[in-house]
1. Compare the peptides 126-135, 247-256 by average per-residue count of other Cβ atoms within 10 angstrom and give them in order, highest first.
2. I'd like the distance between the alpha-carbon centres of the range 216-287 and the range 18-62, rounded to an integer number of Å.
3. How long is the gain from residue 155 to residue 79 if the chain were fully straight, where each residue apart is worth 0.36 nm and the alpha carbon distance is subtracted?
4. State the extension gain, in nm to one decimal, for the chain segment bounded by residue 103 and residue 38, taking 0.36 nm per residue of separation less the distance between their alpha-carbons.
5. Normalised radius of gyration for the range 192-294, please: alpha carbon Rg relative to 2.2 N^0.38 Å, two decimal places.
6. Provide, as a two-decimal number, the C-alpha radius of gyration of the range 71-114 over 2.2 N^0.38 Å, N being how many residues it has.
7. Given Cβ point charges of +1 (Lys, Arg) and -1 (Asp, Glu) and nothing else, what value in debye, to the nearest 20, does the dipole of the range 192-294 about its Cα centre take?
8. With a 10 Å radius around each residue's Cβ, average the other Cβ atoms per peptide and rank 31-43, 276-288, highest first.
Amino acid sequence: MTVRDLERKIATQGTIGDAAKGEVSAVVATFNVIDRDRDVIPPDAFSSGAPVNLSGYGHSSIMGHMTGAPVPDAPPVGKGTIRIQGDQAVFTGKYFMTTTAGREAFATVKEMGADQQWSFGYHTIRTEQPSEEWRVKGARRILAKLVPLEVSPVLIAAGVGTRTLEVRACRTCDATKDAQFAGATRPADLKECVPSFEPCDQRRVASLAIRAGMKKWAVVGEPTWRFFLPNGRCSGQYLSDRGEVWIQRGLDARETALVALHELRHHRQHERGELADDGEAEGYARVLVSDLQREGLIGP
């Protein structure tokens, strides 16, 4: 890899997830638009799900390689993947919250909120000359094939439409990493009720999501799933000894699917003798919900 082959492309949107686990998601590129470097990235430039490291700020973990300057690259402060969602490249990952650098980098992004811009570093495999149509619009090259290497919050983005999507605390159950699962006793605030039909048919959405998750994740036994009245504590819960997934009544289609899949992932963890990992459950749920939305199986 030569220095000039290692580049970065900057965008502007992200979201902070579970503060205890350092979860973040961000739009790091928009496809088929001319960015500030006059480049165009087609949606097939790289494979969805590409693994990447997360830099603290300003591409600190690849800056030496990228510029050729005698500057040591800083260790990454997290890691994740970049997935293709429609006309956007979306990074979902976690900061290393067991390290001081990871906690400080996460705190900066969280404080910046929606104002934070984002960029991703990549190895250029192949570029192409733009068509006449693109040239007339101002494009200088097409980045036909890339290998994403790294994602970073930045001061000023070159890419179009980059932003923090989410930096959030867990909004579903009470599970935490390496925690034991809830036992057989049903909490008093899980008051069973019929699912709602507004703003969506929750029973249909939950059924679709759970069956999709069972197939995708090779879940052996289908859990019993029930609905409960809002209790102000959680929007979902998994009771391991009962094999029950509980979903709050009245959620919209996306939230119903997210909660159902989050708790199904806990069911899978329990099925395989693993301890509860809320961050893992949320991450897998979010990816599958995005897939179901892209296929038009559930609403926004």
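1. Details: 126-135: 12.4, 247-256: 22.0.
The densest-packed peptide leads the list: 247-256, 126-135.
2. 29
3. Values: separation 76, 0.36 × 76 = 27.36 nm, distance 1.99 nm.
In short, 25.4 nm is gained.
4. On the way: separation 65, 0.36 × 65 = 23.40 nm, distance 3.49 nm.
Here the segment from residue 103 to residue 38 would lengthen by 19.9 nm.
5. On the way: Rg = 12.4 Å, N = 103, 2.2 N^0.38 = 12.8 Å.
Relative to the rule-of-thumb radius for its length, the range 192-294 sits at 0.97.
6. Details: Rg = 12.6 Å, N = 44, 2.2 N^0.38 = 9.3 Å.
Normalised Cα radius of gyration, the range 71-114: 1.36.
7. Here the size comes out at about 300 debye.
8. On the way: 31-43: 16.7, 276-288: 21.5.
Descending packing order for the listed peptides: 276-288, 31-43.
Since every read-out is calculated from the coordinates, none of them should be taken as a lab result. A quick note: this is a predicted structure, and the numbers were derived from the prediction, not measured. Positions of Cβ are generated from backbone atoms using ideal geometry, with glycine treated the same way; all protein chains shown enter the neighbour counts.
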